[in-house]
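J.: Before we start, here is the structure in question, set down as C-alpha cells.
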Amino acid sequence: KETPSMPSFRKIFARYLQGYQRTAVFALTSRCNCKCLMCNMHRKVPEEISLEDALHVLDALAKNRFLVAYFTGGEPTLHPNVVDIVSYAEKLGLVATMTTNGTAGKSLLKNLKDAGLYLLSVSLDHWDPVVCEKIRNHRDIFAKQVETLRYLKEIRLRTYALAYLNPILIHD
C-alpha cells in the first residue's frame, strides 16, 4: 500500500519503465561502531559527506534518471543527517535503501521509515552469537541485530538479512 512517504512497487516499476534504471551506491560516512574482521573502515579517519553536498548528489542522481539511492558507509545510521538525506531522496522520487549493522535505535529506525526509506538490509554474519561478536568485534551484536529485524517487521519496513560470505560462515 502506498503512503506519502512510502512508494508502492507499482509506482517504482512505472519509473523503471520510464527509463529510471540506475542504482547509486552512496557512502554517507566512514564512521562505524563495529570493528569487523572483513573491513578496515574502523582504522581510517572518520569522514562524512555534508548535508549540503549529499543533497547536491541526490539532485544529480534524480536529474540523471537514477532509480535507487542505496545508502551505505561505514554505518550510515551514524550520519547526523541520515533522516534528512533519506527524506530528500524520497521527495526526488528516488527509492531510498540502506544497509546497516543493526545497532541503530528504534526511534531512528522509525524516523527513517517515516522519511521514506523503502528497504533496509541488516548485515547478519552468522547464526551463533559468539561468532557474530568475533566477526564484528561488537558486544551483543547478534541480539541487537535480531531485535532490529523484529522491530522492522513490527513497523512494516521492508527488510532482509544480508550475509557476508566470510571464511567462518563458509567453513560452517
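J.: Need at least 2 residues that are within 19 Å of G105 (Cα to Cα) and touching a helix residue (DSSP H, G or I) at 6+ places or on another chain (Cβ under 9 Å) per element, so show me which helices (runs of 4 or more DSSP H) inside region 128-172 make the cut, counting only ones lying wholly within it.
T.: Numbers: elements: 129-136, 141-154, 167-171.
Helices (runs of 4 or more DSSP H) meeting the threshold: 129-136, 141-154.
J.: Ok, one more. Whether any residue in region 80-99 is buried (at least 21 other Cβ atoms within 10 Å of the Cβ) and in contact with a Cys (Cβ under 8 Å, 6 or more places away or on another chain) is what I want to check.
T.: Looking through region 80-99, none of the residues is buried (at least 21 other Cβ atoms within 10 Å of the Cβ) and in contact with a Cys (Cβ under 8 Å, 6 or more places away or on another chain).
J.: Do we find that V68 is closer than 21 Å to R22 by Cα, at pLDDT 90 or above, open to solvent by 50 Å² or more (accessible area, probe 1.4 Å) and touching a strand residue (DSSP E or B) at 6+ places or on another chain (Cβ under 8 Å) in this structure?
T.: Details: closer than 21 Å to R22 by Cα: yes; at pLDDT 90 or above: yes; open to solvent by 50 Å² or more (accessible area, probe 1.4 Å): no; touching a strand residue (DSSP E or B) at 6+ places or on another chain (Cβ under 8 Å): yes.
Answer is no for this residue.
J.: For the subset of region 121-172 comprising residues that are closer than 18 Å to M41 by Cβ and among the hydroxyl-bearing types (S, T, Y), which member is surrounded by the fewest Cβ atoms within 10 Å (Cβ to Cβ)?
T.: Applying the filter and picking the extreme gives Y164.
J.: May I pose another question? Identify all residues within region 25-34 that are open to solvent by less than 20 Å² (accessible area, probe 1.4 Å) and aliphatic (A, V, I, L, M); write none if there are none.
T.: Within region 25-34, just L28 meets the criteria.
J.: So is D59 more than 18 Å from the chain's Cα centre (by Cα) and at pLDDT below 95 or not? Even if it seems obvious, please write down each step before you answer.
T.: Values: more than 18 Å from the chain's Cα centre (by Cα): yes; at pLDDT below 95: no.
When the stated conditions are applied, D59 does not pass them.
J.: Among the residues of region 35-52, is any acidic (D, E), open to solvent by 80 Å² or more (accessible area, probe 1.4 Å), part of a helix (DSSP H, G or I) and farther than 17 Å from L120 by Cβ?
T.: Among the residues of region 35-52, at least one is acidic (D, E), open to solvent by 80 Å² or more (accessible area, probe 1.4 Å), part of a helix (DSSP H, G or I) and farther than 17 Å from L120 by Cβ, which makes the answer yes.
J.: All but one of (1) open to solvent by 60 Å² or more (accessible area, probe 1.4 Å); (2) within 22 Å of L165 (Cβ to Cβ) hold for P76; state the number of the condition that does not hold.
T.: (1)
J.: If you take the residues of region 15-34 that are more than 20 Å from the chain's Cα centre (by Cα) and assigned to a loop (DSSP other than H, G, I, E, B), which of them is nearest to L165 (Cα to Cα)?
T.: Step one: filter region 15-34 for residues more than 20 Å from the chain's Cα centre (by Cα), giving 15-20.
Within this subset, residues satisfying the condition of being assigned to a loop (DSSP other than H, G, I, E, B) are 18-20.
Numbers: Q18: 35, G19: 33, Y20: 31 Å.
Restricting to residues being more than 20 Å from the chain's Cα centre (by Cα) and assigned to a loop (DSSP other than H, G, I, E, B), the top hit is Y20.
J.: Only one of these is open to solvent by 20 Å² or more (accessible area, probe 1.4 Å), closer than 22 Å to R156 by Cβ, part of a helix (DSSP H, G or I) and not hydroxyl-bearing (S, T, Y): L55, L112, L108. Name it. Quick ask: steps written out before the conclusion?
T.: Working: L55 fails: closer than 22 Å to R156 by Cβ; L112 fails: open to solvent by 20 Å² or more (accessible area, probe 1.4 Å).
Sole residue among the options that is open to solvent by 20 Å² or more (accessible area, probe 1.4 Å), closer than 22 Å to R156 by Cβ, part of a helix (DSSP H, G or I) and not hydroxyl-bearing (S, T, Y): L108.
The values are calculated or read from the model by the stated rules, or taken from the named source; none is laboratory data. Since we're looking at a predicted model, the values are computed, not measured. Positions of Cβ are backbone-derived with ideal geometry, glycine not excepted, and every protein chain shown enters the neighbour counts. Accessible surface areas use protein heavy atoms only, side chains included; no ligands, DNA or RNA. Shrake-Rupley method; radii C 1.70, N 1.55, O 1.52, S 1.80 Å.
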